[in-house]
Amino acid sequence: MKILKANAGALTNFEVLEFLRSRGAGKDTTRVIAPVAPSEYKVFDYLEQSVACNQTKESITDFISRSEKFKLAKAEIINVINIRPSSVVEIDSIVEDCDGRFGENIDELVDMVAEVVPLIKSITCKEFGYCF
Amino acid sequence: MFYLSEIDHTMRVPPSLLNLPLNEAIQGELERLFLDKVIANLGLVVSVYDIKSIDGGFVFPSDGASTYTVKFRLVVFRPFVGEVISAKLSESTINGLRLSLGFFDDIYVPVHLMPNPCHFEADAVNKNQVAWIWEYQEENYPIEAVDEIRFRVNNISYPPIPIEADKESHRFAPMVITGSLDADGLGPVSWWV
């Protein structure tokens, strides 16, 4: 076995969730018919109850284009998309040297995140009973 | 948290799969070989993303199966150092916490990476378990089992496979993530929201 490229691209949680959904993970309640292995189902369960559950492709691309002016590193952008910080203190744990780089703009960043990427996943999922 | 990795592998497709179309047989074999396994320095393989090329199909002498050289991409779980991840509490002992992601259980938060200062109280129910409590500004914040806990990845190590089975009961973990709770915004989400 030869590893050609250890890193052929980073994936956000949302992209992995989409990939598993495209294989039919969400639609099959018996979990036997779809071509998805039990270990993949565990990953699917974890992702469904994370904030990735109600993100869409448009919201992600929108977020990326809007975050360009904040000059965030790629790892930080992925972290923000995966965690969905809703307050300054959460952003502080994700972005290095928050005060030095942003200062006042930190509130702007928090507002932008709340606006572009849907917020409280548990409420949306509970309303419908499942994540579509 | 997840990366795509491109792998090149020469594999034998057993003759029992000859009735399947080639793509399906190779996909099935790849899943059997790689899914839910840890590749050193690459991470835990979650899924086969796609197959880029299949070469070969040679049958070696005295072998009933054909051998293919396949290039494919895998989705691997490999968090980077400094990543913040949400996990659930699996057990808490005097050595620290153990967190679980459902599909991955070997995440340890040792005592020196817990929020400072904190102390623990012995749990009445289970002799080995201990409840950790963080003291901050005169208030006590316990870490309960129900919370979603955010931790920052401190280190990932891939211990080498032991040659002899250890007498201890600890199951061998091919990939161990060490996490830290010692920063603003980390720890149970209920502390900060």
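Each reported figure results from applying straightforward, stated rules to the coordinates on display, with no laboratory input. All values reported here derive from a predicted model rather than from experimental measurement. Cβ sites come from the backbone with ideal geometry, for glycine too, and all protein chains shown count toward neighbours.
Overall, chain B carries a charge dipole of about 640 debye about its Cα centre when +1 sits on the Cβ of Lys and Arg and -1 on the Cβ of Asp and Glu, all other atoms neutral.
In this label model, A:A10 and A:D111 are separated by 2.7 nm, measuring between points 7 Å along each Cα→Cβ vector. Placing +1 on the Cβ of every Lys and Arg and -1 on the Cβ of every Asp and Glu, with nothing else charged, gives the protein assembly as shown a dipole about its Cα centre of roughly 1380 debye. Exposure proxy for B:L35, A:L109: other Cβ atoms within 10 Å of each Cβ, ordered fewest to most, give B:L35, A:L109. If you take all other residues with their beta carbon under 10 Å from the beta carbon of B:I51, and give Lys and Arg +1 and Asp and Glu -1, the sum is +2. With bins 10 Å wide beginning at 0, the percent of Cα pairs of the stretch A:13-54 falling in each bin runs 33, 59, 8. Along the axis of the charge dipole computed for chain B (Cβ charges of +1 for Lys and Arg, -1 for Asp and Glu, origin at the Cα centre), the listed residues B:I156, B:V48, B:T93 are led at the positive end by B:V48.
About the centre of its Cα atoms, the stretch B:6-117 shows a dipole size close to 140 debye [charges on the beta carbon of Lys, Arg (+1) and Asp, Glu (-1) only; nearest 20 debye].
One chain, two ends: B:H112 and B:T67. Fully extended at 0.36 nm per residue, the span grows by 11.1 nm beyond their Cα-Cα distance. Using Cα-only point scatterers and the Debye equation, what is log10 of I(q)/I(0) for chain B at each q in 0.09, 0.17 Å⁻¹, rounded to two decimals? Result of the Debye calculation: -0.48, -1.08. For peptide A:47-59, the mean count of partner chain Cβ atoms within 10 Å of a residue's Cβ comes to 1.
Measuring r between the beta carbons of A:E18 and B:E138 and using R0 = 51 Å, the FRET efficiency lands at 0.65. Here B:T178, B:T10, B:T69, A:T29 are placed in order of increasing Cβ neighbour count within 10 Å, fewest first, which gives A:T29, B:T10, B:T69, B:T178. Each residue in B:S47, A:S67 was given a count of other beta-carbon atoms within 10 angstrom of its own, and listing them fewest first yields A:S67, B:S47. Farthest towards the positive end of the charge dipole of the stretch A:13-54, among the residues A:F19, A:Y41, A:C53, is the Cα of A:Y41, using unit charges on the Cβ of Lys, Arg, Asp and Glu. Only helices enter this figure: runs of n ≥ 4 DSSP H residues, each worth -39500 (n - 2.57), summed and divided by the residues of chain B, yield -2000 deg cm²/dmol at 222 nm to the nearest 500.
A simple spin-label model places the labels of B:S90 and A:K71 4.1 nm from each other, with each point 7 Å out along Cα-to-Cβ.
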